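Taking it in order: structure first as structure tokens, then the write-up.
The values are calculated or read from the model by the stated rules, or taken from the named source; none is laboratory data. All values reported here derive from a predicted model rather than from experimental measurement. All Cβ positions, even for glycine, are placed from backbone atoms using ideal geometry, and neighbour counts span all protein chains on display.
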Amino acid sequence: MTIHLLSADHRTQGLDAVARLGATAAHLGPDLLSALPDLRGAIVLGTCNRLALLLDAPEARSAVELRREVAAFLARRAGLLPADSPAVAGDAGGRGADGVDLTAWAGTAAVGQLFATAAGLESMVVGEREIAGQLRRAMRLAAEEGTLSADIARAVEHASTASRRVAHETGLAGNGRSVVAVGIDLAAPHLPPLEDASVLLVGTGAYAGATVTALRRHCVTDIAVYSRSDRARAFAVGRGLRPVTDAELAAALAGADLVVTCRGLGTPVLTRELVGPAAGRRPGARPLVVLDLALTRDVEEAVGSLPGVRLIDLLSVQRAVPAAESGQVDAARRIVDEETALFARLLAGRRMDPVVCSLRGHVATLVEEEIARLRVVDGRVDAGDAARALHHLAARILHHPTVAARTAAEAGRGQDYLNALDLLLGVDIAADLRDAVAATTARAPSAPAVQLNPVLSASAPGEPQ
């Protein structure tokens, strides 16, 4: 198994490319596993500034080939061509030469990048905490869709641990750093005091909850929510929000000071035809501020040219993001490096799971066989029979190690055998055995190198003497 991370994000590929790929995210995990059946698992992480695929592939899988095949799959899905496809220069299938550019990591590098992403170090707003929750939701969706492998689940769970360490041990997550918070900061100069502002939230997606939290930090109490999917009422329950119906939307727009959209479903919900009349009905000279946080626009660009409307989109937020303090970022990356190294060790240990299971199964079988040999009278077992059964079990378990000890000594590999005992039994027990060997050798140089307990050295019944 090797973990791979393939990603298109706001910094490397740009928001337009991320938006194009983000439109392919629905049911992407199951479809990708159907197209590439050697993959063991997949998680799709789609946010306002990235599309990332966490894949579990066989160790023999070429990272370069996997990247190329996934890019081709996404290109076909989005109606594009992969950048490294031989057909990119032509017009195969009538398509243009637009490419799918993915950044790829494999193995430990992929795990490190995943942990850095979960900690907010690769986000538009460095240190933002929403990404950790989005990653957990992506894992839950993968579990529901049947694409979550055990190793990917372990990686995501450990990524959450790394994210919490970064949040607790650095100041990056302080002051509510997030895309939503930066957007609200941009909108605030054009609004009345935020505690007096009326806000309309459009959409109940991943960023809706974060938006409500950010608004509450500014003491905003008048928040309404609208959703085309009829989820507004359920979302409003318990949050102190007012649900808005289709019939009430125009009036809600006219009465709002700030509209925040975060649907990102690919088609604008706020059009010039809808917003224009609402803006014209507003009292006084108050502008209508529209904050569009969706990767694929929820608001038509033409809305920004309407009189009395100020449109702030995701690109505006990206340009306004303050730089994180370099010392805090360095500290966070050290934490990520530590957690990555720890996870690599833990994952290496898990590769011995089949051996451990087999060993436990073997011993359990021996125990069951000895239990079956016991004579039970009136629900009781004679103490002598129980003692003999335990001695017999010990002899069976230690028969092969005993033979191996003699064989190793005869071959001049006694030290190798003792070193193996250090691993199997622990240093203290192995040290006692070493002392016993040394004492026996000192007393009787001609005697066998190791004097064994008669019970342990005895052959089990049915075994050659």
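Counting just the residues of the range 387-411 that are free of Cβ contacts under 8 Å to residues at least 60 places away in the same chain and in contact with a Leu (Cβ under 7 Å, 6 or more places away or on another chain), which one comes out farthest from Asp422 (Cα to Cα)?
By that ranking, first place goes to Ala389.
Taking the condition of being in a helix (DSSP H, G or I) and within 29 Å of Arg297 (Cα to Cα), how many residues in the range 34-67 meet it?
The total comes to 1.
So the check is Cβ under 7 Å with 6+ separation or different chains; which pairs have a first residue in the range 29-44 that's in contact (Cβ under 8 Å) with a residue 60 or more places away in the chain and farther than 12 Å from His4 by Cβ and a second one that's surrounded by 14 or more Cβ atoms within 10 Å (Cβ to Cβ) and acidic (Asp, Glu)?
Going by the 7 Å Cβ cut-off, the qualifying pairs are Gly29/Glu145; Pro30/Glu145.
How many of the residues in the range 246-267 are assigned to a strand (DSSP E or B) and within 30 Å of the chain's Cα centre (by Cα)?
Here the count works out to 2.
Could you tell me which numbered condition Ala214 fails, if it satisfies all but one of (1) of a type in the set (Gly, Ala, Ser); (2) assigned by TED's automatic domain parsing to the domain that holds Leu314; (3) without any contact (Cβ under 8 Å) to a residue 12 or more places away in the chain?
(3)
Quick one: Ile3 ticks every box in (1) assigned to a helix (DSSP H, G or I); (2) within 24 Å of Thr108 (Cα to Cα) bar one, so which box is it?
Ile3 satisfies all of (1) assigned to a helix (DSSP H, G or I); (2) within 24 Å of Thr108 (Cα to Cα) except (1).
When you scan the range 122-237 for helices (runs of 4 or more DSSP H) that lie fully inside it, which ones turn up with 3 or more residues that are out of contact with any Pro (no Cβ under 8 Å at 6 or more places or on another chain)?
The helices (runs of 4 or more DSSP H) meeting that bar are 130-145, 150-169, 179-187, 206-217.
For the range 354-382, which positions are of a type in the set (A, V, I, L, M, F, W, C), more than 38 Å from the chain's Cα centre (by Cα), surrounded by 10 or more Cβ atoms within 10 Å (Cβ to Cβ) and part of a helix (DSSP H, G or I)?
Scanning the range 354-382 gives Leu366, Val367, Ile371.
Take Leu293 and tell me if it is surrounded by 23 or more Cβ atoms within 10 Å (Cβ to Cβ), more than 21 Å from Gln318 (Cβ to Cβ) and not β-branched (Val, Ile, Thr).
So Leu293 does not fit the description; no.
Given (1) outside the structural domain of Val111 (by TED's automatic domain parsing); (2) of a type outside the set (Val, Ile, Thr); (3) closer than 30 Å to Val329 by Cβ, identify the lone condition not met by Arg165.
(1)
Hey, Pro243 hits all of (1) outside any loop (DSSP other than H, G, I, E, B); (2) surrounded by 14 or more Cβ atoms within 10 Å (Cβ to Cβ); (3) touching a residue at least 24 places away in the same chain (Cβ under 8 Å) but one; which does it fall short on?
(3)
Please determine, by comparing only the residues of the range 123-149 that are within 20 Å of Arg333 (Cβ to Cβ) and of a type in the set (Gly, Ala, Ser), which one is surrounded by the fewest Cβ atoms within 10 Å (Cβ to Cβ).
Checked the range 123-149; the qualifying residue surrounded by the fewest Cβ atoms within 10 Å (Cβ to Cβ) is Ala132.
For the range 299-328: of the residues being of a type in the set (Gly, Ala, Ser) and part of a helix (DSSP H, G or I), which is surrounded by the most Cβ atoms within 10 Å (Cβ to Cβ)?
Gly304
Of everything in the range 6-33, what is in contact with a strand residue (DSSP E or B) (Cβ under 6 Å, 6 or more places away or on another chain) and assigned to a loop (DSSP other than H, G, I, E, B)? Give them in sequence order.
Thr12, Ala25
Ala278 - would you say it is at pLDDT below 90 and either closer than 27 Å to Arg11 by Cα or surrounded by fewer than 18 Cβ atoms within 10 Å (Cβ to Cβ) (or both)?
Spelling it out, it is not the case that Ala278 is at pLDDT below 90 and either closer than 27 Å to Arg11 by Cα or surrounded by fewer than 18 Cβ atoms within 10 Å (Cβ to Cβ) (or both).
Would you confirm whether or not the range 197-209 contains a residue that is without any contact (Cβ under 8 Å) to a residue 40 or more places away in the chain and of a type in the set (Phe, Trp, Tyr)?
no
Would you pick out the residues in the range 268-285 that are over 22 Å from Gly22 (Cβ atoms) and either outside any loop (DSSP other than H, G, I, E, B) or in contact with a strand residue (DSSP E or B) (Cβ under 9 Å, 6 or more places away or on another chain) (or both)?
Within the range 268-285, Arg272, Glu273, Leu274, Val275, Gly276, Pro277, Ala278, Ala279, Gly280, Arg282 qualify.
Pairs, please: C-beta under 9 Å, at least 6 apart or cross-chain, first residue at pLDDT 90 or above and in the range 326-346, second among the β-branched types (Val, Ile, Thr) and not in a helix (DSSP H, G or I)?
Val329/Val126; Val329/Thr170; Ala331/Thr170; Ala332/Val126; Ala332/Thr170; Ile335/Thr170
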